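Every read-out reported here was derived from the displayed coordinates using simple, explicitly stated rules and does not represent laboratory data. Everything numeric in this text was worked out from a predicted model, so none of it was measured. Ideal geometry is used to build each Cβ from the backbone, glycine not excepted, and the neighbour counts take in all protein chains shown.
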Amino acid sequence: MATEANQPRFTQLSALLQALFVTFLWSTSWVLIKIGLADIPPLTFAGLRYTLAFLILLPLFFRSNRIQPATLRRLTAANWRQLFLLGIVYYAVTHGAQFISIAYLPAVTANLILGFTPVVVALLSLFLLSERPLKTQWLGIGLSVVGLFVYFYPVSLEAGAAIGLVAAFVGMLANASSAVIGRSINRTKTLSPLLITTLSMGIGSILLLISGLWLDGLPKLTWQSWLIVVWLAVVNTAFAFTLWNHTLRTLSALESSLINSSMSVQIPLLAVLFLGERLLPRELIGLVVVVVGVLIVQLARMWVVQKSVR
């Protein structure tokens, strides 16, 4: 009897540890991308990673019990428009801009700007989905803006940093827009998450790869570059995505959101340890304030949802 009673607790702990492991893998991506960018142009790098991940996910996609050839035939023109829009905005623009920003900025700075996404999502949802931010979320938004100001003040840009900042903000806005687009697709519950992810990834990644090869030509990759690309595609994308979805069967949305937010701490630590990046005291204070503000924005609505379910 005691063993049976402890089983749900063990399952919960196992899912929490697996989800934390996935966020660690995703956080190491920033370090690996920064290293790989020494040999691979940003758009080509992003295109290679996600196209290979898409090809790896295809067998899982077609083996899924919920996805059969008839499922694809039932997709309407409106469905395909939504998937194309999500693929272009999320994979092509968001990740293309992310790779460009990491090429020109410290990983900590690029991550800080991308981490601002939940704040923009809350504001976009107000206008596009008629979802008003809660009072607590407005507090989080204000804190995040203050933290961003503290981090960057006074503004002093190194050569090429302006390109990285523009790319980072474009990527953040595209990431926020894709979150709103994805929410509008998913809340109808007519398409499975696996179908949405696989098809949109295929569309966006192929567009990224074609754009990269057209702009920069075919790169000469070293064995280290290929190893990084394959690792990012197989482990940090295909495997991590599959394991993350597995943990969602056990974890609540609140728990998943909280664990996912831990990347805001993991990435700066990894950047300092493995990339030699430094944080001034002012930058550290700004980073902490932004992280706290973003956490408030993310978790406030989750608490409300959890209470309503109970």
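When each of the peptides 212-225, 87-100 is scored by the mean number of other C-beta atoms lying within 10 Å of its residues, the order from highest to lowest reads 87-100, 212-225. Extending 7 Å from Cα along the Cβ direction at residue 282 and again at residue 215 yields two label points whose distance is 3.2 nm.
Label zone of residue 77 (point 7 Å out along Cα→Cβ, amide N under 20 Å): in the stretch 192-225 this covers no residue at all. Taking only the Cα atoms of the stretch 165-211, the ratio Rg/Rh comes out at 1.05, with Rh defined as the Kirkwood radius. In terms of packing, defined here as the mean over residues of other Cβ atoms within 10 angstrom, the peptides 106-112, 239-245 line up highest first as 106-112, 239-245.
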